[in-house]
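One structure below.
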Amino acid sequence: MLIVMDRLATPAQIESVLDRIRSLGLDPHPNPGAQRTAIGITGNTGAIDAPVLEELPGVLEIIRVSHPYKLVSREVQPENSIVPVGGVCFGGEKVIVVAGPCAIESLDQARTIAEAVKKAGAHVYRGGAYKPRTSPYAFQGLGEAGLEIMAKVREEFEIPIMTEVLDTETLPLVEQYSDCLQIGARNMQNFSLLKKAGKANKPVLLKRGMSATIEELLLSAEYLLSGGNRNVILCERGVRTFADHTRNTLDLSAVVAIHRLSHLPVMVDPSHGTGKRHKVIPLARAAVAVGADSIMVEVHHKPEAALSDGPQAILPDQFAELMEQLGRLAPVVGRTI
Ligand code: PEP
Ligand code: MN
């Protein structure tokens, strides 16, 4: 349920509505908009006594939210959310480009790639310190040493960083180092991780599970917002289908679908979405054309020697070419890079 306050409602009236909601054993989530405040209500197991709330001073109307998710929905917040990551804003006019290797392998590797992507215009640097690998024998990441390298890169190249958090045990450590907590496709429905990230003081990048519907993705994001963390970016990274010309099938229509339903910024990851270097640049362009708020691309200077996801990494020169192309494409769809 959503309570829409009158445009002229006073702060005291808003406060007393919040108190009333709490007195009913429910959780109010006030959302001050440009025109008026909307208050989302969660914590109810059954129907809420709407008439009681409707009569409170300053209340304009009560809207029953038609989706199972609430706080992530456009019904609760019609305006786009702007999510700041280390000073870079996701969800505004500017399309945010996140680039870097799949995994942090060494300081030298991380620096070489960071220097190249920063020079070409990347806004945020990515790299995994804790890697979710299908095989237990594959490179699992450098762990805390990888986080330290990321922090050095941030300092040297003055670029915010994002890295994946694999589990609840390492979340405090990743939170300490990273500007944004990435929750990967395999963990999209790790509910204990979502609950903990909902209490974290850093923004979260939530990637769509490889067989998740949009509703499931939005409900996972709802865990984060209902826990108190409003700074959430969603990411389409491809879903598993029968197609075998590509690692995953990049569902670009998800961008449009999510924008219609939710106010959260949407990123597209054409690297994991395709798994093939030659497909990354065309689909990155398509992502911007379809309205993505951000793209994430994996870049490696020696992909043949990369410890993970080499076949989908583009080369630094290709990344520079992509940035140049996006600079020309973005204005066509009313965006900047
Ligand atoms: C990644 O971004 O490095 C990653 C593992 O992505 P995903 O969770 O989408 O597979
Ligand atoms: Mn990867």
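Laid out as a table, the results:
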{"quantity": "By average C-beta atoms within 10 angstrom, highest first, the peptides 298-304, 129-135", "calculated": "298-304, 129-135"}
{"quantity": "Within segment 1-138: Cβ-based charge dipole about Cα centre, in debye rounded to nearest 20 (Lys, Arg +1; Asp, Glu -1)", "calculated": "700 debye"}
{"quantity": "Highest-first arrangement of 284-292, 239-247, where packing means the average Cβ count within 10 Å", "calculated": "284-292, 239-247"}
{"quantity": "Beta bridges per DSSP with both ends in segment 83-333, % antiparallel, nearest 5", "calculated": "15 percent"}
{"quantity": "Helix 316-329 axis, angle to the chain major axis (alpha carbon atoms, nearest 10°)", "calculated": "40 degrees"}
{"quantity": "Total formal charge among the other residues, if their Cβ is under 9 angstrom from that of M267, Lys/Arg +1 and Asp/Glu -1", "calculated": "-1"}
{"quantity": "Degrees between helix 144-157 axis and first principal axis of the chain (Cα, 0 to 90, nearest 10)", "calculated": "90 degrees"}
{"quantity": "For segment 111-230, convex hull volume per residue from C-alpha positions, Å³", "calculated": "116 Å³"}
{"quantity": "Gyration tensor (alpha-carbon) shape descriptor, segment 194-337, a/c threshold 1.5", "calculated": "prolate"}
{"quantity": "Cα centroid of segment 1-45 to Cα centroid of segment 195-259, whole Å", "calculated": "27 Å"}
{"quantity": "Cleavage-rule hits (trypsin sites (Lys or Arg not before Pro)) in segment 60-89: DSSP loop, at most 11 neighbouring Cβ within 10 angstrom", "calculated": "R64"}
{"quantity": "Listed pairs K94/K119; K94/K276; K152/K199; K119/K202; K131/K196 exceeding 23 Å between Cα atoms", "calculated": "K94/K276; K152/K199; K119/K202"}
{"quantity": "Environment charge at G141 (Cβ cut-off 11 Å; Lys +1, Arg +1, Asp -1, Glu -1)", "calculated": "-1"}
{"quantity": "Neighbourhood charge, 13 Å Cβ-Cβ cut-off, centred on P331 and excluding it, Lys, Arg +1 and Asp, Glu -1", "calculated": "+2"}
{"quantity": "Peptides 97-104, 188-195 ordered by average Cβ neighbours within 10 Å, highest first", "calculated": "97-104, 188-195"}
{"quantity": "Heavy atoms of D167: accessible area, 1.4 Å probe, square angstrom to 10", "calculated": "50 Å²"}
{"quantity": "Values of log10 I(q)/I(0), in the order q = 0.08, 0.10 Å⁻¹, for the chain under a Debye, Cα-only, solvent-free model", "calculated": "-0.39, -0.59"}
{"quantity": "Relative contact order of segment 2-63, pairs being alpha-carbon contacts under 8 Å that are 6 or more residues apart, as %", "calculated": "49 percent"}
{"quantity": "For the chain, calculated [θ]222 nm from helices alone, where every DSSP H run of n ≥ 4 adds -39500 (n - 2.57)", "calculated": "-10500 deg cm²/dmol"}
{"quantity": "S106/D317 FRET efficiency (R0 22 Å; Cβ-Cβ; nearest 0.05)", "calculated": "0.55"}
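The values are calculated or read from the model by the stated rules, or taken from the named source; none is laboratory data. What you see is a predicted model; the values in this text were computed from it and never measured. With ideal geometry, Cβ positions are generated from the backbone for all residues, glycine too; neighbour counts draw on all protein chains shown. Areas reflect the complete protein model, heavy atoms only, side chains present, ligands, DNA and RNA absent. Shrake-Rupley method; radii C 1.70, N 1.55, O 1.52, S 1.80 Å.
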